[in-house]
1. Quick one: Debye curve from the alpha-carbon atoms of region 221-292 only, equal weights, vacuum; give me log10 I(q)/I(0) at q = 0.13, 0.16, 0.24 Å⁻¹ to two decimals.
2. If you average 1/r across every pair of different Cα atoms in region 71-113 and take the reciprocal, what Kirkwood value do you get, in Å?
3. Given the pairs Lys159/Lys208; Lys159/Lys459; Lys29/Lys215; Lys147/Lys459; Lys92/Lys525, which span a C-alpha to C-alpha distance of over 27 angstrom in this model?
4. If you project the alpha carbons of region 285-336 onto the principal axes, what extent comes out on each, in Å, largest first?
5. So how long is each side of region 50-166 along the principal axes, counting just the alpha-carbon atoms, biggest first, in Å?
6. Looking at region 268-357, which GluC sites (Glu not before Pro) are in a loop (DSSP not H, G, I, E or B) and have at most 14 other Cβ atoms within 10 Å?
7. Please compute the Kirkwood hydrodynamic radius over region 282-395, one decimal place, Å, based on all pairs of different Cα atoms.
8. Using only Cα atoms, what is the ratio of the radius of gyration of region 280-499 to 2.2 N^0.38 Å?
Amino acid sequence: MRRRHFMAGAATVAARPALAAPAVGGATKTLVFVPTTSPPSFDPVWNPAQATRTLGLMLYETLYTRDIALNPHPHMVEGHLVEDGGKRWTMKLRPDQWFHDSTPVLARDCVASLRRWMVRDPIGAYIETRLDALEAADDRTIVWRLKRPFPFLPNALCKTQPTCAMMPERLAKDPYKQVAECVGSGPFRWVADEFVVGSRAMMAKWDKYVPRPEKVEYGWGGYHVKLDRVEWRVIPDAATAASALTTGEVDWIEMPLPDLLPMLRKAPGVTVGRIDTHGVFPVLRPNFIQGPTANVVVRRAMLAAIDQVEEMTAVMGEERDGWRAPAGFFLPGSECDSDAGMDAIRHPPSAEAIKKMLKDGGYNGERIVFMHPTDPSAYDALCQVAEGAFQKVGLNIEIQTTDWGTVTQRRSNSGPLDKGGWSLFPSGFPSVDYGNPVLAGGMRTNGKDAWVGWPDNPKIEALRDAWIDSDDAVERKRIAEQLQLACFDYVPYIPLGQYLTSGAWRNNITGQLRGPAPVFWNVEKG
């Protein structure tokens, strides 16, 4: 079983050079957070990367949010009224909301933001196909008029990758341009003059923010900020970050390497715990319009070659409480999880049988460009195992190592491989979105309007529509089984399992809320 080789243990960590302590003046409470990777963008609508998502939750808000059970609740809106058989939704903004440029949050800002999101996000694009009109009836009222009912609208507007983020109309009006300013209405504001690309970002408490009255539960309720500032400090070397945590130079590491957790558990003044309640649903995303992966037989062969247990062990180690495998196209244990087609993963063909499958399917050794990010470390481990598995069955893998920010930029290139195109890259979907087909953006197969890779499969789209339109639980279960079988046939992505990450923080950091992503409201530094 292939395993990562990063460091020998605590002695290696102790030998790392110390970081300079953060400059904190007076009684200002600044929490220093080490993200898994540097955010490739501060625009959470433009870029769905995990780090951008987490940053966006601090700076931007959404009309609806989720509680710990992932149920949607009104957030920026007071509530909604549904009429005309589910085809008319009227949403009322709550009063006293302000953007970070000190302008009020108005319904027209939200309409522009929603339209921008619908262009950028697969579920948003799906809503647009059901939309007759979206308008601001007055400064606080948003009206949706749908062609067909869509009862999952609040669930969709909770989505955080890409985030359905509200921003001023002046910034949201062009969906095809990344915003040049970071202006949201969230509990923290962006401190632009302290930003250092790839190294440091600073967020300060937004003094005009008015929390909701409810008790907070992850994303639902009142966001009470108990810190003055939060500094994001990017430390690419995991051992250096761990050393900085043990000496108190940083306060919180989002996801230490599993290899380092035993040492951190023994370190004085450090707590290791699991905040993420659902974890990551990692996949490999093929290109459906360029190169060998446009051949469905090649995608099926790749799926057959993958050993999910080996993939998850490479990321999380032997302790089974940190990962699940095998996984189909829906999250294990979710409402749409089933055994349909799972023999393809549980009892895969031999390497020789896969080689024959490839030959019979017309694959003649053409190169497959695999974008292999070395950060985050989990993606590095996933790629290493996958590359070995693919080479074993005779696939000509051209490994192109890079950083994650480059992958998120380059994957939008739909050109041929000799023009900067690509064949395959890893991604980590939020597990919370893959319990059913509503928010599972990677399952959309609507061609040029799909997520990067641009899969086109009308059968999967029709089954997805049927699941959404049905209100019968038994029928939905049957449709979900058919949908999974269709995915095994077409392979819109290659599932690798599910893993649950742990974080580490100083003992004087309290109040963290459990949920799918780190949030910084309710957090205190003693």
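1. Taken in order of the listed q values, log10 I(q)/I(0) reads -0.58, -0.76, -1.19.
2. On the way: mean 1/r = 0.0847 Å⁻¹.
11.8 Å is the Kirkwood radius here.
3. Over 27 Å Cα-Cα: Lys92/Lys525.
4. On the principal axes, region 285-336 reaches 38, 28, 14 Å in Cα extent.
5. In descending order, the Cα extents are 37, 30, 27 Å.
6. Answer by residue number: Glu318, Glu319, Glu335.
7. For region 282-395, the Kirkwood estimate is 15.1 Å.
8. That ratio works out to 0.96.
Rule-based calculations on the coordinates, nothing more; no lab input. Here the structure is a predicted model, which means the values were calculated and not measured. Using ideal geometry, Cβ is built from the backbone for each residue, glycine included, and neighbour counts are taken over all protein chains shown.
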